[in-house]
1. Got a sec? Which strands (runs of 3 or more DSSP E) wholly within region 131-242 have at least 1 residues that are of a type outside the set (Phe, Trp, Tyr) and within 23 Å of the chain's Cα centre (by Cα)?
2. Are any residues in region 118-133 in contact with a Lys or Arg (Cβ under 8 Å, 6 or more places away or on another chain) and buried (at least 22 other Cβ atoms within 10 Å of the Cβ), and if so, which ones?
3. Within region 160-201, count every residue that is farther than 18 Å from Glu232 by Cα and either crowded, with 16+ Cβ neighbours inside 10 Å or hydrophobic (A, V, I, L, M, F, W, C) (or both).
4. Of the numbered conditions (1) out of contact with any His (no Cβ under 9 Å at 6 or more places or on another chain); (2) within 27 Å of Asp141 (Cβ to Cβ); (3) not small (Gly, Ala, Ser), Glu325 satisfies every one except a single condition; which is it?
5. Taking the condition under 24 Å from Leu70 (Cα atoms), at pLDDT below 95 and assigned by TED's automatic domain parsing to the domain that holds Val358, does Lys330 pass?
6. Sort through Glu64, Glu9, Glu74 and tell me the only one that's modelled with pLDDT of 95 or more, acidic (Asp, Glu) and surrounded by fewer than 21 Cβ atoms within 10 Å (Cβ to Cβ).
7. Could you name every one of the helices (runs of 4 or more DSSP H) located completely within region 70-116 that has at least 2 residues being farther than 26 Å from Ala241 by Cα and either free of Cβ contacts under 8 Å to residues at least 60 places away in the same chain or of a type outside the set (A, V, I, L, M) (or both)?
Amino acid sequence: MIDFSIPDELIAKRDRIRAFVTDTIVPYERDPRLTQHGPTDELRQEMIGKARAAGLLTIQAPTEYGGWGLSHLEQAVLFEAAGWSTLGPVAMNCAAPDEGNMFILSKVCNPEQADQFLRPVIEGHQRSVFAMTEPGGAGSDPGQLATAATFDGETFTINGLKWLITGARGAKTWIIMANLETNDHLQGGPTLFLADGDSPRIVLERIMNTMDRNYVEGHGVVRFDNLQLPKEALLGEAGQAFRYAQQRLAPARLTHCMRWLGAAERAQSIAIEHAKTRTAFGKTLGEHEGVSFMLADNEIALHQSRLSILHACWLMDQGEKARHESSMAKAFVSEELFKVADRCVQILGGIGISDETVVEMIFRDMRAFRLYDGPTEVHKYAIGRKVLR
């Protein structure tokens, strides 16, 4: 049986989140601490405090950590509501990269690692990064991983250069992917490590200037300069980084879709209001067929995107990995929501390219979304390989 109804309890939670984001977080969109490089950590902490007071902090966490223990379907409904403002997920501590990092840490780390590296992130006291992407190395193809790690039986030593490391400045919990060289103690190959971001051997060289500005402290270029970690820093099993990354990426690409669906809805609502009130050539913009058709195309895209997300989430709630379906969702949703944002800019006309509304910011961030957790082309490549088998 196919049931598309949302339980009353979940509707109440959704409406509570939407009200919190609208009333408390949207005003921060004009805060000067929302910089070219995203919200500052100071702004994040202030918003985190608001969410904590409202009982809406890190709702996706397991119940043993104080969260709501949400299913993937429940996340889809609630993250969409949080995404009404691009700052909503930041405030509620369900934004990338922390949300995805919390997920993988809750699955892989041991109790001692959880106390040191996971719990403070869940509680909103510190931020995390996932350091994989490299200039000329790992990116869409992680098999090109160039950062190297050695192990002498007691200490790991890591050297390498990473970039596009989201939230690197000020983050305390670091998940580092490096290629562990052959040794006499552990299996070699791509491996994950946990590190404290305060280490002087984690060198933040610069913050990159990018078109998006919704991630806390932007994206950094980071060098590991003989970073030495104890053997307890090993996250999971040696040589299994790609397997663990896949566990993180399938749900994470869907939560990206959920949050950005909310932002696209916001842009559509602003475009609709403008089309109702702005006049041209003797009638409102909405009465012109060209504008009404764009709004209709947006509604169709929003609806189809939501269905694609919900289907992949439903499969995952049934215990399936849903890699194929989550890839289809990510490819489809990211492309369609970008078109939604683009049409909203067009409907708004001159103010659409200004900061008179948040649509311009949503448009730029939505363009970056097409690359997060794998560009569309990589997902289509994977989808094509599956259908050709």
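The values are calculated or read from the model by the stated rules, or taken from the named source; none is laboratory data. Remember, it's a predicted structure, so these values are computed and weren't measured experimentally. Here Cβ is always computed from backbone atoms with ideal geometry, including for glycine, and neighbour counts include all displayed protein chains.
1. Passing ranges, in order: 155-166, 173-180, 189-196, 202-208, 219-230.
2. Those that are in contact with a Lys or Arg (Cβ under 8 Å, 6 or more places away or on another chain) and buried (at least 22 other Cβ atoms within 10 Å of the Cβ): Val121, Arg127, Ser128, Phe130, Ala131, Met132.
3. Of the residues in that region, 12 qualify.
4. It is condition (1) that Glu325 fails.
5. no
6. Matching residue, one of Glu64, Glu9, Glu74: Glu9.
7. Those helices (runs of 4 or more DSSP H) span 72-82, 88-91.
A quick yes/no check of all residues on (1) touching a Phe, Trp or Tyr at 6+ places or on another chain (Cβ under 6 Å); (2) free of Cβ contacts under 8 Å to residues at least 60 places away in the same chain; (3) surrounded by fewer than 20 Cβ atoms within 10 Å (Cβ to Cβ); (4) not small (Gly, Ala, Ser):
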{"residue": "Gly239", "(1), (2), (3), (4)": "no, yes, yes, no"}
{"residue": "Met258", "(1), (2), (3), (4)": "yes, no, no, yes"}
{"residue": "Ala264", "(1), (2), (3), (4)": "no, no, no, no"}
{"residue": "Ser269", "(1), (2), (3), (4)": "no, yes, yes, no"}
{"residue": "His274", "(1), (2), (3), (4)": "no, no, no, yes"}
{"residue": "Thr284", "(1), (2), (3), (4)": "no, yes, yes, yes"}
{"residue": "Val291", "(1), (2), (3), (4)": "no, yes, no, yes"}
{"residue": "Asn298", "(1), (2), (3), (4)": "no, yes, no, yes"}
